[in-house]
1. Out of GLY113, GLY189, report the one residue that is assigned by TED's automatic domain parsing to the domain that holds LEU243, under 21 Å from the mean Cα position of the chain (by Cα) and of a type in the set (Gly, Ala, Ser).
2. What's the number of the only condition in (1) part of a helix (DSSP H, G or I); (2) modelled with pLDDT of 95 or more that ALA237 fails to meet?
3. Would you pick out the residues in region 86-110 that are within 20 Å of PHE288 (Cβ to Cβ) and surrounded by 12 or more Cβ atoms within 10 Å (Cβ to Cβ)?
4. Could you identify the single residue in VAL226, VAL154 that is in the same structural domain as ASP94 (by TED's automatic domain parsing), assigned to a strand (DSSP E or B) and buried (at least 16 other Cβ atoms within 10 Å of the Cβ)?
5. Quick check on region 170-189: of everything there that is away from the ligand (no atom under 15 Å from the Cβ) and of a type in the set (Asp, Glu), which residue is surrounded by the fewest Cβ atoms within 10 Å (Cβ to Cβ)?
6. Mind checking which residues of region 114-146 are buried (at least 22 other Cβ atoms within 10 Å of the Cβ) and either of a type in the set (Lys, Arg) or over 24 Å from PRO294 (Cα atoms) (or both)?
7. I'd like to check something: does region 190-207 contain any residue that is surrounded by fewer than 20 Cβ atoms within 10 Å (Cβ to Cβ), within 13 Å of the ligand (Cβ to nearest atom) and closer than 20 Å to PHE95 by Cβ?
8. Could you give every pair whose Cβ atoms fall below 8 Å, whose first residue belongs to region 82-94 and is farther than 17 Å from GLY284 by Cβ, and whose second residue is assigned to a loop (DSSP other than H, G, I, E, B), counting only separations of at least 6 or pairs across chains?
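The values are calculated or read from the model by the stated rules, or taken from the named source; none is laboratory data. In this text, all values refer to a predicted model and were calculated from it rather than measured experimentally. Backbone-built Cβ (ideal geometry, glycine too); neighbour counts: all protein chains shown.
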Amino acid sequence: MYTRMGHLLEDRRIKLFRSRNLALRLTLYAVACVGLSVIVFVVYSPFRQQILLRVPMLQSLIMAGQKPAESMSPEEVFQYLHWTNCAACQLPVDFGFVMARSGNPGGVAHPDGQKLVCLDQFIAPVFNNCLVYSFGINNQWTFDEDMAQFGCHVYSFDPSMGAKDHNRTDKIHFFNLGLAKEDGQSPNGWKMKTASSIYEMLGDYHGRSTLVDVFKMDIEFYEWEVLPQMLQSGFLADKVKQLAVEIHFNAGDPLENYQKRIRILQDLESIVDTINSDDKHVGGFIRFSSRINPGLKRAITILGNKPDFVGYELTWYNSKFYNSPSKEGPVFPYYQ
Ligand SMILES: *[C@@H]1O[C@H](CO)[C@@H](O)[C@H](O)[C@H]1NC(C)=O
């Protein structure tokens with residue numbers, strides 16, 4: 001009798017346990033479904049833009065798990081600078097590569113003058129029908145010459161060389177002026193213009209709606225005032241397909257200075273929908289390379305004087321123009 005009762009009780013317990021287990025499972029499924037729907041809604045809904053802009057945590061989650069610049073530690077600042085999304089471009093190619101020798105006799109040979117350009121089929125400059133802006137020449141013409149060999153018209157700018165406006169070749173056009181956040185004169189008397197003013201000035205040469213295939217700048221700290229201006233004016237989003245910038249820091253800068261500059265890069269790299277966006281802080285630029293400038297290794301104050309680099313070559317393409325053929329030209333031989 002007892003044993004039969006015992007069996008019955010046990011049976012019931014098992015049934016009870018099973019049904020509880022089922023309820024638990026169903027609850028878990030429901031939670032998972034709701035979670036998944038929320039993710040799908042956020043990623044695919046037409047309100048994605050609004051949602052992401054209002055939920056910074058989600059935005060930074062989607063931006064490859066990056067932290068916002070303002071809360072980065074010194075170590076995270078440098079991780080961010082070194083970080084490179086190489087999968088974004090299958091065919092990054094150096095233009096302007098030379099083996100240079102350092103100044104003193106018997107100096108060590110080192111690569112110099114090169115910039116990466118992404119030659120993936122859907123973002124590459126069209127051979128013989130392309131446009132390059134090159135800021136900061138310092139008498140080192142190899143990048144400009146290689147782009148000209150590729151058949152691009154190259155507009156080269158440098159106010160520090162003391163050279164007059166001239167056509168260096170039929171494809172390379174030099175201007176004695178510099179890039180700045182406003183038109184005018186720099187404290188040392190150089191003529192300066194914004195990217196939009198320069199584009200307008202050159203309208204008669206290259207047309208008034210042509211995209212700049214490669215916009216290169218190596219302008220010794222001016223990048224930090226120029227990039228935000230170019231973002232806010234919409235010039236970067238509307239006119240630039242690829243961007244190559246040497247960025248600079250000071251080894252002794254406080255963390256706040258680094259964070260402010262990384263904020264500029266994060267705005268540029270923000271991948272929230274740019275096409276329907278009114279927010280000019282949003283760049284939509286995809287970083288496909290980060291390379292150190294090996295000559296700029298310094299003891300970094302905020303890293304407790306650990307050595308790291310204060311110069312990086314960053315290259316991006318504009319996600320808006322990926323896969324949107326813009327020009328007619330011979331088919332790029334790699335892709336025939
Ligand atoms: C460079 O060549 C263009 C024609 O391609 C011409 O219009 C321009 O005046 C020349 N610039 C200089 C400074 O000689």
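1. Values: GLY189 fails: under 21 Å from the mean Cα position of the chain (by Cα).
Just a single option satisfies the conditions, and that option is GLY113.
2. (2)
3. Of all residues in region 86-110, those within 20 Å of PHE288 (Cβ to Cβ) come to 86-97.
Once the filter is applied, which keeps residues that are within 20 Å of PHE288 (Cβ to Cβ) and surrounded by 12 or more Cβ atoms within 10 Å (Cβ to Cβ), region 86-110 yields ALA88, CYS89, LEU91, PRO92, VAL93, ASP94, PHE95, GLY96, PHE97.
4. Numbers: VAL226 fails: assigned to a strand (DSSP E or B).
The unique qualifying residue is VAL154.
5. Kept after step one, since they are away from the ligand (no atom under 15 Å from the Cβ), are these residues of region 170-189: 178-189.
Those left that are additionally of a type in the set (Asp, Glu): 182-183.
Numbers: GLU182: 10, ASP183: 14.
Residue satisfying both the conditions and the ranking: GLU182.
6. Across region 114-146, the qualifying residues are LYS115, ILE123, ALA124, PRO125, CYS130, LEU131, VAL132, TYR133.
7. Yes - at least one qualifying residue is present in region 190-207.
8. GLN90/ASP120; LEU91/LEU119; LEU91/ASP120; LEU91/ALA124; PRO92/LEU119; VAL93/LEU119; ASP94/GLN114
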